[in-house]
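Before any comments, here is the structure.
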Amino acid sequence: MKYGSVIGFIIFGIGGLLRFRTNLGSSKQTGQLILVTLIGLCCGLNLPHVAVITTMFAYGFIHFLEKQDTYKIVIKNLKKEEIQIFVEEAAELYRGILEKQGCHILSERKNFVKFQVSFVFHAPHSVERENLEYLFQNNVPNDLRGAVDWQTN
C-alpha cells in the first residue's frame with residue numbers, strides 16, 4: 001500500500017482533535033463524526049471500495065445499536081403513611097404501563113427512605129416519551145402518582 005502507517009496517524013490525530021477540541025455533547029456523536037471523517041478520507045485517498053464497505057458496515061452497526069432507546073425514570077415524592085405498601089402499589093402500576101407499551105424492564109429499584117421508585121428500561125422507537133407521560137398522567141391515580149424524572153442514556 002502506498003500510504004503505509006501514515007494513514008493510521010492521520011486518523012488518530014483527527015479523532016483526537018474531534019474528541020477533545022470539538023464540543024459535540026456525547027461520545028456517540030463523536031464516534032459518528034469520526035466515522036464520517038474516515039469515510040471522507042477514504043474517498044479523498046481514492047479508495048472508493050473501502051469507503052463503500054465501511055459505509056455499509058457502519059450503517060448496519062449503527063442501526064442495530066440504536067433500534068431501542070434506553071431510559072431511566074425516577075418516580076419521586078411517593079409519600080404516604082404506610083410507605084412500603086404504597087411504593088409497592090405505585091411501582092406495580094408504573095411497571096404495568098411500561099410493559100404494556102412493549103418496554104423491557106432492565107432494573108427496578110424501590111427506595112423507601114427517599115419515597116421513590118426507579119426503572120431502567122429499553123423502549124422501542126415506536127414508544128414516545130410524551131406518550132408514556134400521558135399514560136402515567138391518566139392511568140395512575142392521584143394518590144399513587146409521583147413526579148417523573150427522565151434520564152436518557
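Annotations for the structure displayed:
- Exactly one residue out of L35, L41, L18 is in a helix (DSSP H, G or I), surrounded by 12 or more Cβ atoms within 10 Å (Cβ to Cβ) and modelled with pLDDT under 70, and it is L18.
- Long-range neighbours under 7 Å by Cβ, at least six apart or interchain, first residue outside the structural domain of Q29 (by TED's automatic domain parsing) within segment 126-153, second among the polar types (S, T, N, Q) and part of a loop (DSSP other than H, G, I, E, B): V127/Q101; L132/Q101; G146/N77; A147/N77
- Top-ranked residue in segment 76-98 [being within 12 Å of V148 (Cβ to Cβ) and at pLDDT below 85; ranked as nearest to the chain's Cα centre (by Cα)]: K76
- Among the residues of segment 83-99, not a single one is outside the structural domain of G31 (by TED's automatic domain parsing) and part of a strand (DSSP E or B).
- Residue match in segment 51-74 (condition: farther than 30 Å from L33 by Cα, touching a residue at least 40 places away in the same chain (Cβ under 8 Å) and not assigned by TED's automatic domain parsing to the domain that holds S27): yes
- Residue list for segment 53-74, filter: under 16 Å from R129 (Cβ atoms) and surrounded by fewer than 11 Cβ atoms within 10 Å (Cβ to Cβ): E66
- Residue selected from segment 109-153 under the condition assigned to a strand (DSSP E or B) and among the polar types (S, T, N, Q), by the criterion surrounded by the most Cβ atoms within 10 Å (Cβ to Cβ): Q116
The values are calculated or read from the model by the stated rules, or taken from the named source; none is laboratory data. A quick note: this is a predicted structure, and the numbers were derived from the prediction, not measured. Backbone-built Cβ (ideal geometry, glycine too); neighbour counts: all protein chains shown.
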